[in-house]
Structures are given as C-alpha cells and as structure tokens.
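What follows is a single structure, written as structure tokens, with notes after it.
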C-alpha cells in the first residue's frame, strides 16, 4: 500500500514537473485561474449589473467608465464578459464530462465485449462521427431546446465518439499487455482485471483528451450561441455577445471584438495546458522533457 | 593512395545537451590498413558507435561535436571536408551497417529502391539497365531472391532486413564498412549466419571493416586486429592472436575475458568487473579504469602511457611501463 | 500489390455504406424527437385545422413512423428526397445547388490549408528552437483557438468595411465570372482554412521532428544522398502518414464549419441551409441535408484511406 502511494507520488510529480517546466503553460494556467475566479465571483468583481439596461448610454465606445463600452441596450460589455465566462466554463466542463463519461463507458463495453456488441457500438460511433460535430450539436440542440443544461447535453453528446474510440483502443492495447495476462494467469477474473488494470489506463488517457477538448467545447458553445441556438437572450454568453455586437461592426466594433477575444484567450490557454498534459503523460517523450529529466544523450556505443 | 585506409589521431567528441556535456570520446587513436578487419570491443557507453558516426561525419547535428583530433580516411581529412565532398564519400568509400535492421530501413520504400538509391547517387553515369542489374546481383549476393525487390521492409523477417541493410552498405563496394553491432538485434541462430555473410562479402570485395561488438567470441572468429575501448579511449590494441593468447593484457581486457561464462566450469555466479564505467559528464585526469582496477597504484592518478608490450601490441596502462 | 490495395478499398466502401445506413437511422430517429411541426411552423399560428391536416397528409407526415422511414429510403434509391415545406421546392434540387456552392469554398480552403500548413510545418521543424519556429507555433496555436465567426467578422471589418476592397457577403457562381467569384470566396475561404491550416502546421511540425529521429533517416544520410532527397524521399513521405489522418478529420470539420462561415458571409450554401431548416423545423431538408453531408464526409474519408494505402504499404495488409 505504502509502495503504491509512493509510486503514485513520483508519477504525479513528473506530470506536474513537466507542466510547470513550461513557462508559457504556467502563464496560461494563471490566466485561466484568473478568468475562472472572475466568473465565480462575478457579482463582486463586475463593475455593473449585467442586465441593467441604460438606453441613454447605449453603444458607447471604449472609455474610462466602460472599458469595453456598452452594448445596444446600454449594458456594460466588460460586466457581461465576466458573467459570460460562467456560461463558457460551465459548458466546457460539463459537456466534456458528459462526453468523457458516456464515451468511456461505451468504449469499455465495446473493447471488453468484442464481437457483435463491439461492431454495433463502433459503427454507431462512426456514423455519429461522419456528421460534423457542429451540425450534430445544432441538430441535438433543436431537440433539447435552448438553455445551459441543454447546450451542455447537445455538445457533450456530439463529442462522445472520440472518447469511445480512444477508450476502446486503450482497452485493446492494454488487454494484450503482459501484466494483464499475468493477472489472468494468476486467476484474476475478467471483471477484476478490467477494474484494476484497464480502467486506470483509460481514465488517464481520457483526462488528457478531455483537457484538450475543453477549448473545442467552449468554441462550440460560442458558435451555437452566435447562431442564436444557444443560451437564451438575457443571459450573457460570449458567443451571443459577438452576435449582438456584429450588427454594430461598422460603428462600434469593440463590443463584438472584446467577447471574441476572451473566447480566443480561454481556448488558447486550455489548448496549451492540454498539449502540455499530453506530452507529460506520453511515455515516448519520457526523459526528453522537463529540466530535471535526463535529456537526450545521443547514441553511444 | 594513402598508406593507411583510416587514421584516427587524438579524437575527442562531446555531446552538448541542455543538461550536461557528455565526454563520449576522449583522445582516441586508431588506424586501419586497406582490407583489414578490426574488432572494436567495449561495453555500452564506451564510445564505439560515436567513433563510427564521427568517421562518417554523422554525429547528431548541433549535439555531437568533435573537439579535438583528426580523422584521415583514404587520404581525405574527414573533419575538414566540405559537406558535399563528405556526401560523395558516404555510402561510396565508407558505409555503415546499423544495429537495428527493424528501424534502419525506410518503411515506405521498396527494398530494391533503397539499394538502388545509394548506387545511383554514386554512379550517375550508369544506365538504368546496369543499375537494375547491379541491384539484382547485390540482392542475390546477400541471399535474397532478386524478384523480391519490389517488396517493402515489413514483408521481410529481421534477418532478411539485415541482409538488405548489408546490401545497401556494400552495393557501392566501399573501401571501409563500419558494422555497428550488426547482429545484436537478431536471433542467436541468425547471428552466425549474418557474420559469415558479412565476412564472406568483405573478402570478395576486398573491403576493410570495423566490427563494433561487445562479443569477444565474434571478434575471435572474424577479426585480424582488435581494439578495446573503455570510457572513450582505446586502452588496448593488437592482433587478434595477441589479445587472445597473450599473458600481458590490460586489466580491463583481462576482466572482459574473465566475464565470459565457461561451459566447462561449474560456477555459481557469473564473474563481473566490479563497479561501473565512470560518469561521462566528468573529466578524469588519470587512468579512467583505475577505480575498478585490482592493480591500481598511486601512479594511476596520472595519465597512463601507451606501452608496446610486444611488436604491434599496445596497452595503455602504467602496469607495463618499465 | 495493387490487388491488396483494391481489396482494401473494397472493404472500406462496404464499411462506408453500412455507416451511411446507420446515419439514416440516427438522423431519422432524432428527427422524430424534434419538437414542433414543420407544417404548423410554415402555415403560421392562424392556420385552420383542415389546412394543417391537408398539408400534413400532402407531405406524408401523417403516416406511421416506420412507413415514413421506408418511404424515405425507397425514395432515395430513386433519387427523390421529397419536397421542402419551407421552400416549396424539390429537396434534391436545393441540395445539389447548395452543395456546389459549399464545395466551391471547401475545396480551395482545404488545398490552401494543406499546402500552406505543410510548408509552414516543415519550416518550423527545420528551424526548431529558433525564433521562426516560435513565431509559427504561436500563430498555429492562435489559429486553433480563434472562433471562426469572430475571425470572419474581423476580416469583414478590415477588408470590406475599412478598406472596401472586398464585398462583405454574398456569393457569385464561377460561371458568372471568375473575378467576382474569387472576390466573394476569398474571405470565407481564409476563415474556413484558418483552423485546419493551424492543425496541419502543428501536425507537420511534430511528425517531421518525430521522423528526423528515426534510424532510417540516419541510414539515408549514410548513403550520401542530398539533404533535399532526404527531406522529400525519406522524411516527408513518412511524416505524411499522420498528416493524412488529420486530413480526414479536418475535411469533415470543414464541411461542418461552413455552417458558421456561410452564415457570417451570407453564402447560400449547404451550411446556411442547415441552419434555416433546423430552425424552421423543415424535417425532410434536415434529414436529407445531414445525409448528404455524411456521404460527403464518408467519401472524403474513403479518399484519405486510399491515400493511406498508397503512401503506407503496411496498411494494405490488414
């Protein structure tokens, strides 16, 4: 027991070390933390009320009172961006969790059962994948309707296939590994083997995929909201803010550009963290990353 | 024609990585006559592969660096030639057989094309028909039917792939082959076959060879000369019979022989040389083997001299210094 | 050799047909779950009961679900897709027109993304660790993270509103003049190509770096061949294998991306059609539109698989 936790520590520390060795990633993590905290504590942080209309002060440009100006209803754009973060982060996290959980379960079933079950599940996944994700999400959105929970569900479901594929691939690889065979030889049942060996392996690769997909989920939410099929109007969402501001592009571009900038920064940061996490977990790159790593020594005879 | 095919003098090579500088080869000297076979022996990390790569000027760019010494190959000053000139020599005058046939062939090119490529590069005026015939001949010489030349590497077994690697190395009839542990990655049963093949072809084409290995048995079978490397330098050099029969040996070479398990003796444990090779990131002033040597004295803190214990048999050790 | 390749292609075609069949099932079932009624939606809230009943019967929405499904599939084999409630036109005609428009943006964008992405990726890999590499990698990261609609908007702001050199929106067919056509598709094309371009750059860079470390590249260098030959014959061909995988995924994504691009630039393509039909509950159009898109994606994947087989001899065997 003791041994295992020590091993776990080393493993964790390696991942952490590799991630923190990249200055850009540390910076991204800091930015994300800042944005998330701002979203959580929006009522305290935000300078104004996100719903308070002020028809006299509408469509103001950038200025000291309203850093990013005001929208067509006179609402403060910065305030709405801070509140909009709530939607983006919630949708990102929840939809990825939905996709990851369902996808992993399907992948595990397909990989473990094999045969007909495997074929049926995976052909379904193929079929879902041959419909572009955004169209799938739009389609599902039209079934579930608007609103935060429904958007999460629509985006989450549209992302399931990649998780199912990755998990199934993992199961098939891990199942052939010597240590799993050893477990079977020692009399471990199929189920026990799955739980003790295959499951943890799949979880780690799925977490990497989830981190890398967070940005995509946020982009999809923004796209749905931009198309008017996302979050219901009075609620602030970055995508719908861009859509609202689009009409005033010629005169007051900042109200559309600012929320888009926040989408980009958030997605960029998530992507960078995802990349770092993937590299850190990749055993092929072991020893070539991180400052304390051994590094390449070149070939010697 | 130069009087020696290969003459390495005082060669030093370092690998510069972000983390540390590795002193891979430290003042090594070695020479080779035309048509001669030399066994380059030593444990992993002794600098054998590095030496071979430096002869071909193939050290990893930006990482491996020759800091001192010279390499003369067939009258060419290898370290000061232009890249174009070196390219003319590579594969033509000197070629290399790599350790792992599984990964040293391009997976998306037919084996015939891979052999043809090197031949065509160095024989620009040969006609297409002649080139094809030469490739076919070469394939037959290494024991692969020429009609398989349109197949891809994955369609061959490990031993077959190594035959193709050998064909690539020999097709231009080079003056020197660097065989870097050509049998390590193969089954024991195929190893002998492969060595026989290399040896046979080498005799037929009158090519010199440096055979890198850590298997003294292989050296005894195939080599005329032997050089033993330790921590980046040659510590013993001589004819094979010197090394295998002489009483006077470098303590390290002696240790290597003792470490060979003997079939006729009943031993509980295998004999090993105590200790490890010194940390290659450190510069060592005296004898690099002193730490592990049974005969080490205070003198060993100074650089050991090269002593000729019998004609042509050189040992770098204080023990044989008069 | 080519025999193996043909067998592989045959296998993949059968698989694609099965997948397309499942797509029809999924789309149809999902459509049944969509709330709302296209007829009511079309006629408006003050339509009479009889009117609704008449049109429902006319469009076949009154029949049992299974019958509707089989009728749809049966029609497909005859090249009939039914009529659009919203547009009062044959769906197959609409889809065909729209598909042409969409493809005339997707293909140039795809080619732009692949060519430029691969070149930039090679440049970055060759100059690894230098400022050039950092700049390329930085922009690739940005390109992956930009919301497409936002990028399009900024381009419109710069080129159409501020500089006034390009039209803000709309589409002109190629047959009505190449210059007009080009000026209308250049912005949509750039927007659509941005994300994939970034992806190709990143993938090319990383697979070139992966390949540089391979033993067979050392073998190639030991042969004395030129650096050009090493790059093109040995590195690039091997590096292309993972790039092709990205191509398959990307093409599908680009067809999806047209939904956004076409709505910003008001291009009358398939993507735009999908939005109006989904919003307008024009079930048959959605159903057939998704099917057409899925078939397009399947064809793209098939081409990618064939390319795979051509480039990587190892694939042909299993």
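The values are calculated or read from the model by the stated rules, or taken from the named source; none is laboratory data. Fair warning: this is a prediction, and the values are worked out from it, not measured in the lab. No Cβ is skipped: glycine too gets one built from the backbone with ideal geometry, and neighbour counts run over all protein chains shown.
With respect to being part of a helix (DSSP H, G or I), farther than 26 Å from residue A:141 by Cα and modelled with pLDDT of 80 or more, residue C:101 falls outside the description. Among the candidates A:114, A:147, the residue that is at pLDDT below 90, closer than 22 Å to residue A:241 by Cα and surrounded by fewer than 17 Cβ atoms within 10 Å (Cβ to Cβ) is uniquely A:147. Against the test of being assigned to a helix (DSSP H, G or I), closer than 30 Å to residue A:224 by Cβ, within 14 Å of chain A (Cβ to nearest Cβ) and modelled with pLDDT of 85 or more, the options C:272, C:301 yield a single qualifying residue, C:272.
Residue A:217 falls short on exactly one of the conditions (1) over 15 Å from residue A:85 (Cα atoms); (2) more than 8 Å from every other protein chain (Cβ to nearest Cβ); (3) modelled with pLDDT of 80 or more; (4) crowded, with 18+ Cβ neighbours inside 10 Å, and that condition is (1). For residue A:105, state whether it is surrounded by fewer than 16 Cβ atoms within 10 Å (Cβ to Cβ) and farther than 28 Å from residue A:211 by Cα. In short, no. Residues that are more than 14 Å from residue B:280 (Cβ to Cβ) and in contact with a helix residue (DSSP H, G or I) (Cβ under 9 Å, 6 or more places away or on another chain) were ranked within region B:16-37; the one that is nearest to the other protein chains (Cβ to nearest Cβ) is B:30.
Among the residues making up region B:11-41, a single one is free of Cβ contacts under 8 Å to residues at least 40 places away in the same chain and assigned to a strand (DSSP E or B): B:31. Among the residues of region B:70-84, is there at least one that is in contact (Cβ under 8 Å) with a residue 40 or more places away in the chain, more than 27 Å from residue B:218 (Cβ to Cβ) and either at the interface with another protein chain (Cβ under 9 Å from one of its Cβ atoms) or out of contact with any helix residue (DSSP H, G or I) (no Cβ under 9 Å at 6 or more places or on another chain) (or both)? The answer is yes, given that some residue of region B:70-84 is in contact (Cβ under 8 Å) with a residue 40 or more places away in the chain, more than 27 Å from residue B:218 (Cβ to Cβ) and either at the interface with another protein chain (Cβ under 9 Å from one of its Cβ atoms) or out of contact with any helix residue (DSSP H, G or I) (no Cβ under 9 Å at 6 or more places or on another chain) (or both). Residues that are over 23 Å from residue B:157 (Cα atoms) and touching a strand residue (DSSP E or B) at 6+ places or on another chain (Cβ under 8 Å) within region B:81-119 comprise B:85, B:89, B:93, B:94, listed in sequence order. Screening residue B:110 on (1) farther than 20 Å from residue B:40 by Cβ; (2) within 12 Å of chain C (Cβ to nearest Cβ); (3) in contact with a helix residue (DSSP H, G or I) (Cβ under 6 Å, 6 or more places away or on another chain); (4) touching a residue at least 12 places away in the same chain (Cβ under 8 Å) shows it passes everything except condition (3).
When region A:129-148 is filtered for residues that are in contact (Cβ under 8 Å) with a residue 24 or more places away in the chain, more than 7 Å from chain C (Cβ to nearest Cβ) and assigned to a helix (DSSP H, G or I), the ones remaining, listed by number, are A:129, A:137, A:141, A:148. Take the conditions surrounded by fewer than 21 Cβ atoms within 10 Å (Cβ to Cβ), away from chain A (no Cβ under 14 Å), assigned to a helix (DSSP H, G or I) and out of contact with any strand residue (DSSP E or B) (no Cβ under 8 Å at 6 or more places or on another chain) and apply them to residue C:230. Does it pass? Here the answer is yes, as residue C:230 does meet what is asked. Condition check: in a helix (DSSP H, G or I), more than 23 Å from residue A:158 (Cα to Cα) and more than 13 Å from chain A (Cβ to nearest Cβ). Does residue C:241 satisfy that? Criteria met by residue C:241.
Residue-by-condition table, conditions (1) within 9 Å of chain A (Cβ to nearest Cβ); (2) out of contact with any helix residue (DSSP H, G or I) (no Cβ under 6 Å at 6 or more places or on another chain):
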| site | (1), (2) |
| --- | --- |
| C:133 | no, no |
| C:142 | yes, yes |
| C:145 | yes, no |
| C:151 | yes, no |
| C:160 | no, yes |
| C:166 | no, no |
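For the structure I just gave you, tell me whether residue C:112 is within 14 Å of chain A (Cβ to nearest Cβ) and assigned to a helix (DSSP H, G or I). Spelling it out, it is not the case that residue C:112 is within 14 Å of chain A (Cβ to nearest Cβ) and assigned to a helix (DSSP H, G or I).
Taken together, C:246, C:286 contain a single residue that is part of a helix (DSSP H, G or I), in contact (Cβ under 8 Å) with a residue 40 or more places away in the chain, at the interface with another protein chain (Cβ under 10 Å from one of its Cβ atoms) and touching a helix residue (DSSP H, G or I) at 6+ places or on another chain (Cβ under 6 Å), which is C:286. For region A:185-207, the condition holds for no residue, the condition being that it is part of a loop (DSSP other than H, G, I, E, B), within 21 Å of the chain's Cα centre (by Cα) and more than 25 Å from residue C:258 (Cβ to Cβ). Reported count of residues in region B:42-68, each being facing chain A (nearest Cβ under 9 Å) and within 30 Å of residue B:260 (Cβ to Cβ), is 11.
Determine whether region B:64-72 contains at least one residue that is surrounded by fewer than 20 Cβ atoms within 10 Å (Cβ to Cβ) and at positive phi. Within region B:64-72, one or more residues are surrounded by fewer than 20 Cβ atoms within 10 Å (Cβ to Cβ) and at positive phi. Here is the figure for region C:249-271: residues that are surrounded by fewer than 22 Cβ atoms within 10 Å (Cβ to Cβ) and either in contact with a strand residue (DSSP E or B) (Cβ under 6 Å, 6 or more places away or on another chain) or touching a residue at least 60 places away in the same chain (Cβ under 8 Å) (or both) total 2.
Assess whether residue B:13 counts as being surrounded by 24 or more Cβ atoms within 10 Å (Cβ to Cβ), under 27 Å from residue B:173 (Cα atoms) and within 14 Å of chain A (Cβ to nearest Cβ). Judged against the criteria, residue B:13 is not a match.
For region C:304-312, the criterion of being buried (at least 20 other Cβ atoms within 10 Å of the Cβ) and either facing chain A (nearest Cβ under 10 Å) or without any contact (Cβ under 8 Å) to a residue 40 or more places away in the chain (or both) is met by no residue. One residue stands out in region A:244-258 among those that are facing chain C (nearest Cβ under 8 Å) and in a helix (DSSP H, G or I): the one that is surrounded by the fewest Cβ atoms within 10 Å (Cβ to Cβ), namely A:257.
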